[in-house]
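*Asks:* Just passing along the structure, written as structure tokens.
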Amino acid sequence: MMVLSGMSADSFCNVALDAVGLPLMFAALLGVVTWRWYQNVFRYMVLGFFRMLYRVRVEGRENWPAEGGAMMVGNHSSWVDGALVLMIAPRRMRMIAWAGNFGNAFMQRLARFCDVILMTGGPKSIMGGIRQARQAISEGQVVGIFPEGGITRTGQIQSFRPGLMKILDGTGAPVIPVYVDQIWGSIFTYSGGTTIWKLPRSFRKCVTINIGAPVPNPDSVFAIRQALQQLGAEAVARRQPPFVAPVQSFIRSSKRRKFRFKAADSTGASAKGSTVLMKSLILRRLLSRHVLDADERRVGVLIPPSFGGVVTNMALALDRRVAVNLNYTVSNKIMNECIRQAEIRHVLTSRSVMEKFDFQFDCEMAFLDDLRDKVTITDKMAGASGAWVLPARLLEHLLGLGRPDPDELLTIIFTSGSTGAPKGVMLTQRNIETNVDAIDQVIKLRPDDTLLGILPFFHSFGYTVTLWGAMSLNIAGVYHFSPLDAMQIGKLCERHNVTILLATPTFLRTYMRKCTPEHFHRLDVAVAGAEKLPEELCEAFEKKFGLRPVEGYGTTELSPLVSVNIPPS
């Protein structure tokens, strides 16, 4: 009161103006700035929202041209790809989108707010959109498009629509490839066959937006798609998650399936995950104590696809030895040449197997049958403890598997020798692990899947997919020694509800003649390789079994997968 009573009217007005006017002036200035740069403000608000859902990281921001018209081309894995790219783009960008995604009034206002170029399916709308895009590029703007024409249902880049080249024709604008990585699996993707209405797998999932070097004057849609695929391959290589060796994955999957079916064969052998792991641990101890020298690194295995063959390969991997599965269809001379090249001292086999062959090995033979009587109580307790009691990571540490070297040799696969003597292909831990991981991503395996193992383990497809694929993933494997024994295979598939079949076109023809639809009643995926898959065979197989086979391509040196058609969801 004393201060106010000493003030003049003008002084009081000045103080009031300072107290009220300055905030009003600041608010007015903020409103002008917001209105002037409303899109940027909106971008940062939405980006902040996305950062609450994802850990967004941008790679290659320097590749975005600072000025001039350009075309952004991205992969389309989720409903939020466009929003994510708009949020992180260093310059304002106009997206091309299908008008059907902006059906209600709110979404249409949002499209206008973000300067989206909308297209419907009609020719006039498409031509109008192309004109708008070309004009924007000629005015020095960046235009973005997802040329797949829709969200992928498989997680893989689909074919590109040709309209992309009509926009670029004559503009001289560079193409900026942008690959959104690691968003597949979120609720905004079709992972699992549905979007939105599913539980999220993780909170604040890491999503990387990779901006590639501009492609100047591309001459075809193919060249643009190749650039985007190459960027995607580089993005996957940059992830570098902690490496998990196949044998580590075997231990962990066996423990996850401790009480669930894991492996079986046509002899009647069947086991849960804990039993497979326990038998492998016991055999590892027996081999180290009675058969193999401490410095013996490479060990030959002559066992057809079977429960025993699985356990033997797992036991050697648990002991950090290199299993060399030998081809029992070759001559004695070639067999010994393979043994010489691989520097094998012992070949592990069984008496029942050797009764069918007449090999004279230039090394020692070890019959697994003879080890049964040498199992001690200590062996059983150690195996049971590792399978049932010890946590997976502690067991890995005790076995010396805690810090695997990705480049450590896991196996040697001998080629067929079509150009002379067989050649040993040395496949590493990473070779096998990356192939198995790719299979899991493409086929989307589930815990109730069962894989049929009829391809021999001396073949890279059989070794990688039917052996390690079944043992290191959370699925089961069922084995039979002959891929041509159609009736036995059909009964095996029916008995164990096999869902995944890997074969050749020749084998598929045999199954078509001798198997019934009931044998393959649970079959979800059939992949054929090694030969060309004729169209008429696909039609006939689908007509009889209600499932269309897909074709795969590979080579031993690539352990072996190169590509495979995506099975229908």
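The values are calculated or read from the model by the stated rules, or taken from the named source; none is laboratory data. Here the structure is a predicted model, which is why all the values come from computation and not from measurement. Glycine also receives a Cβ, built like all others from the backbone with ideal geometry; neighbour counts cover every protein chain displayed. Protein only, heavy atoms only, side chains kept; ligands, DNA and RNA dropped before computing areas. Shrake-Rupley method; radii C 1.70, N 1.55, O 1.52, S 1.80 Å.
*Asks:* At 222 nm, what value in deg cm²/dmol follows for the chain if DSSP H runs of at least 4 each add -39500 (n - 2.57) and the sum is divided by all its residues, to the nearest 500? Working shown, then result.
*Replies:* Numbers: 20 runs with 219 residues, N = 569.
Estimated from H runs of four or more residues: -11500 deg cm²/dmol.
*Asks:* Give me the aspartates and glutamates in straight-line cross-link reach of residue 258: C-alpha distance below 17 Å, same-chain residues under 8 apart excluded.
*Replies:* 396, 448, 449
*Asks:* When a/c reaches 1.5 or more, the comparison of a/b and b/c decides; with that in mind, is region 394-444 rounded, prolate or oblate per its Cα gyration tensor?
*Replies:* oblate
*Asks:* Order the peptides 341-352, 537-548 from the highest to the lowest mean number of other Cβ atoms within 10 Å of their residues. Display every interim value, and only then the final one.
*Replies:* Values: 341-352: 19.0, 537-548: 15.5.
Sorting 341-352, 537-548 by mean packing, highest first, produces 341-352, 537-548.
*Asks:* Simple spin-label model, 7 Å along Cα-to-Cβ: residue 66 to residue 127 in nm?
*Replies:* Taking the simple label geometry, residue 66 and residue 127 are separated by 4.1 nm.
*Asks:* Hey, another quick one. Could you compute the net charge surrounding residue 532? Neighbours are other residues with a C-beta less than 14 Å from the C-beta of residue 532; K and R count +1, D and E count -1.
*Replies:* That works out to -3.
*Asks:* Can I get the semi-axes of the chain's equivalent ellipsoid? Compute them from the C-alpha gyration tensor as square roots of 5 times the eigenvalues, in angstrom, largest first.
*Replies:* 59, 30, 22
*Asks:* Accessible area of the chain with a 1.4 Å probe: how many percent of it is carbon plus sulfur?
*Replies:* 57 percent
*Asks:* Can you list the equivalent-ellipsoid semi-axes of region 256-348, largest first and in whole Å, using the square root of 5 times each Cα gyration tensor eigenvalue?
*Replies:* Ellipsoid half-lengths, sorted descending, are 26, 17, 9 Å.
*Asks:* Taking Cα atoms of region 222-301, Rg/Rh with Kirkwood Rh, to two decimals?
*Replies:* 1.21
*Asks:* Can you name the helices of the chain, as whole DSSP H runs, whose Cα span along the helix axis is 24 Å or more and whose Kyte-Doolittle mean is not below 0.0?
*Replies:* 221-239, 273-290
*Asks:* Enumerate the lysines that residue 423 could reach by cross-link, defined here as Cα to Cα under 29 Å, with residues fewer than 8 away along the same chain left out.
*Replies:* Hits, sequence-local ones excluded: 333, 356, 532.
*Asks:* When the chain is fully extended, how far beyond the present Cα-Cα distance does residue 98 get from residue 230, taking 0.36 nm per residue of separation?
*Replies:* Numbers: separation 132, 0.36 × 132 = 47.52 nm, distance 2.65 nm.
That pair, residue 98 and residue 230, stretches by 44.9 nm at full extension.
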